[in-house]
Amino acid sequence: MQEMQEASPSSSKKISAAAARAHTRRNRATTSNSSIKGRLNSISAMFVPIAMALTVGALGWVYQSLKPPPPKICGSPGGPPITSPRVQLRDGRHLAYKEMGVAKEEAKHKLVIIHGFDNSKDINLPIQQELMEELSLYVLTFDRAGYGESDPYPSRSVKSEAYDIEELADKLQIGSKFYVMGISMGAYPAYSCLKYIPHRLAGVALVVPFVHYWWPCLPANLSRDGLQKLLPMDSRAFRVAYYAPWLFHWWMTQKWFPSLSLTAGNEKVKQQGVHESLYRDILAGYSKWEFDPTDLINPTSNFHIWQGYEDRVVPFQLQRFISGKLPWIRYHEVPEGGHLIVHYNGLGEAVLKSLLVGEDPLTLDHVKP
């Protein structure tokens, strides 16, 4: 009994030692865990600002890639000089213009020519002064918004093009009615005139006119075939313009893929910025229109389409389809003509005489480059 009593203090000491060792291990583990947590907190404290900086930088890069640069407006400090006559529109913008032919006060016919993509009021057409005098014709050309010396218009649209033309005509007092000729991409403003200002039109001629591949009137197989006939880079650019217009500036400036084949031209045409001239032109043309051209109800009995059979930019099959849907269109096809038929010898005279005096040529075989 005494031995048992004497053993108890020894046992208590042993338990206390074991407990002490366990307590020490727990302290070490706690210290180790605290150290690991401290290191993780330090790493997290360093990583979060870095991640945030990278995210902000990436978002900034994306924003800058999507955002077009500011335009260099003609007549502004550091901008190109104004060298042409201009009119000021109601919204404060200016349109630069050029007049040819006989004086408008004496002319029997007044014609507004709408230039195409990457072009301007200085478009070189084979129309002789003698012919304009013979037809008593006054010709007005102008730089569309953002082109040449006309002010950019960020809100540019299919509809705005028609009202720009109407206001220009009124400012220059060319009369209540006038003719319109739309060339290539300049056809969508002409279609806009047919929709929004038909009462001002004496007649319309479209030469190798722009076609919107996503017009509801076009059968899917015809649109698909038309897009496949284009160069792949052009087809991709038009798809981006239609499906993701907000991405278009980035697409046109990225370096991984060719963006567009149709951008070589006179630098003065795009001197205020390539986005304000060329890119906005494509974006407006390939936007979602408020109307389908084949829904137009005979706005004028004097409407012509001139198309080249060998055109590789706008396939003739599309023009034939549209002309077939609208029986009031007078369709003319140049057998060996490409997309530049407007510059061919003989075509200018044929277009003008057909539009102004109703003299359609018996054949277009004589129209040659």
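Here are a few things to note about the model shown:
- Members of the range 307-347 that are surrounded by 20 or more Cβ atoms within 10 Å (Cβ to Cβ) and either acidic (Asp, Glu) or under 23 Å from TYR138 (Cβ atoms) (or both): ASP311, VAL342, LEU347
- Of SER184, SER176, all but one fail to be more than 20 Å from LEU347 (Cβ to Cβ), of a type in the set (S, T, N, Q) and either modelled with pLDDT of 95 or more or more than 14 Å from the chain's Cα centre (by Cα) (or both); the exception is SER176.
- Condition met for PHE210 (surrounded by 17 or more Cβ atoms within 10 Å (Cβ to Cβ), in contact with a Gly (Cβ under 7 Å, 6 or more places away or on another chain) and in contact (Cβ under 8 Å) with a residue 40 or more places away in the chain): yes
- Beta carbons closer than 7 Å, at least 6 apart along the sequence or on distinct chains, pair a first residue in the range 223-245 that is free of Cβ contacts under 8 Å to residues at least 60 places away in the same chain and farther than 10 Å from SER261 by Cβ with a second that is hydrophobic (A, V, I, L, M, F, W, C) and surrounded by fewer than 15 Cβ atoms within 10 Å (Cβ to Cβ) for VAL240/LEU247.
- Checking every residue in the range 192-207 against the condition of being touching a His at 6+ places or on another chain (Cβ under 6 Å), crowded, with 19+ Cβ neighbours inside 10 Å, modelled with pLDDT of 95 or more and hydrophobic (A, V, I, L, M, F, W, C) gives at least one match.
- Residues that are in a helix (DSSP H, G or I) and exposed (fewer than 15 other Cβ atoms within 10 Å of the Cβ), drawn from the range 164-180: ASP170
- Number of residues in the range 96-111 that are of a type in the set (A, V, I, L, M, F, W, C) and in contact (Cβ under 8 Å) with a residue 40 or more places away in the chain: the value is 3.
The values are calculated or read from the model by the stated rules, or taken from the named source; none is laboratory data. Quantities reported herein were computed from a predicted structural model and do not represent experimental measurements. Note that we place each Cβ from the backbone using ideal geometry, even for glycine, and neighbour counts take in every protein chain shown.
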